[in-house]
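Below is one structure; the comments refer to it alone.
The values are calculated or read from the model by the stated rules, or taken from the named source; none is laboratory data. The model shown is predicted, which means the values in this text are computed figures rather than measured ones. No Cβ is skipped: glycine too gets one built from the backbone with ideal geometry, and neighbour counts run over all protein chains shown.
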Amino acid sequence: MRKPKKPRSRKAGLPPGSLVHIGEIKTATPGISVLDFGPAALREAEMPDAAALVAYRRENSTLWGNVYGLQDAADLAAIGAAFRWHPLVLEDILNNNQRQKIDAYDNYLYIVLHRYEVTSEPLDVVQDQISLVIGPDYLLSFQERPSRTFEPVRQRLRSDRGNLRGAAPDMLAYSLIDALVDSYFAVIEQLDEYSENLEVDILGRAGPQVLDNIHQFKRCVSQLRRNVYPLRELLGSLHREHAHFFGPEIQIYLRDVYDHTVHIVESLDDLRELATGLLDVHLTTVSHRVNLEVRALTVVATIFMPATLLAGIFGMNFHFMPWLERPAGFYYATGLMLVIAAIMLFLFWRRR
């Protein structure tokens, strides 16, 4: 997993609530989109900057603002002042190296989530932080860069499927969390497919790159599991400790998302064990191939050992040696070597 280019040490010594962007800048041009909706209407708009979002006057009961690529502390401070957020919330939004968590305040809820996608050659899992601020009549989402993760939710709002327009922000928050968790299954499928290709390479004529690929696969799975694991605790606490932010009808859906998260964590556990198994299979396969090569070399060396012995005997500097004075002595000695080699080859063949 890629590490942020701006480390947390930049904030060392600063007071709590200091707005300093930490993390990689993944988009050069920030963007803000707004969906203003109610039971009978929907309005979409693109905001040029944070000031336009602050000055926006909604026409319907619920506001969903999606902000991506925001790194300017002044713009975020203006948004926070308009919605009356705590400075620690603004600090966490600018820090793209947060653990998945949930913080409850008097009249709004702050949730940190992660989005993942898999890249190949070399294998890597790219992580994006998504922050959700859920208020009584609004929801603001902050992403590091634009993505299509929430596009199904936008389509549902446009077509009013499932009566999402008439629901409160808690239903919208559930829909976003559910869309994000569903995207994890695509990551699991990509990693599972990568493991199958690794297995084929291992059982074939594996090159030196295979070992590096196994270690990279194991590293990605372990880091992904470590980052996804807090999501299970987060979703569990939503209906245990923060039930007043979600209606009773939403609690059932949250439990369903929790079950999906448990499934994801179990799948990552299986992938981690599979990575360890692939490493063992690779080492065993390499050892087996070395044994086969050593055995072949041993057979060849054993076959030529009698010939070496005979050549050494007939090469001794004695005056009286068998076949030494005969014209056909060389052919006798060579024939004896070939006969012994043939007998040994036959015996090796019989014993397989």
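Each residue in region 51-104 was checked for being within 20 Å of PRO169 (Cβ to Cβ) and of a type in the set (D, E, K, R), and 7 of them qualify. Looking across region 156-198, the residues that are assigned to a helix (DSSP H, G or I) and either outside the structural domain of THR62 (by TED's automatic domain parsing) or of a type in the set (Lys, Arg) (or both) come down to ARG156, ARG158, ARG161. Within region 226-246, the set of residues being surrounded by fewer than 15 Cβ atoms within 10 Å (Cβ to Cβ) and either closer than 20 Å to ASP137 by Cα or acidic (Asp, Glu) (or both) comprises GLU233, GLU241, ALA243, HIS244. Being surrounded by 10 or more Cβ atoms within 10 Å (Cβ to Cβ) and under 30 Å from ASP201 (Cα atoms) is true for just one of LEU279, LEU336. Which residue is that? That would be LEU279, the only listed residue that is surrounded by 10 or more Cβ atoms within 10 Å (Cβ to Cβ) and under 30 Å from ASP201 (Cα atoms). Among MET337, MET305, which is the only one that is farther than 28 Å from SER222 by Cα, touching a residue at least 24 places away in the same chain (Cβ under 8 Å) and not assigned by TED's automatic domain parsing to the domain that holds PRO230? It is MET337.
If you check VAL126, VAL153, VAL112 for being in the same structural domain as LEU42 (by TED's automatic domain parsing), modelled with pLDDT under 90, out of contact with any Phe, Trp or Tyr (no Cβ under 6 Å at 6 or more places or on another chain) and β-branched (Val, Ile, Thr), only one passes: VAL126. Taking residues in region 20-35 that are farther than 16 Å from LEU76 by Cβ and touching a residue at least 12 places away in the same chain (Cβ under 8 Å), and partners anywhere that are among the hydroxyl-bearing types (Ser, Thr, Tyr) and surrounded by 15 or more Cβ atoms within 10 Å (Cβ to Cβ), the pairs with Cβ atoms closer than 8 Å and at least 6 places apart or on different chains are VAL34/TYR56.
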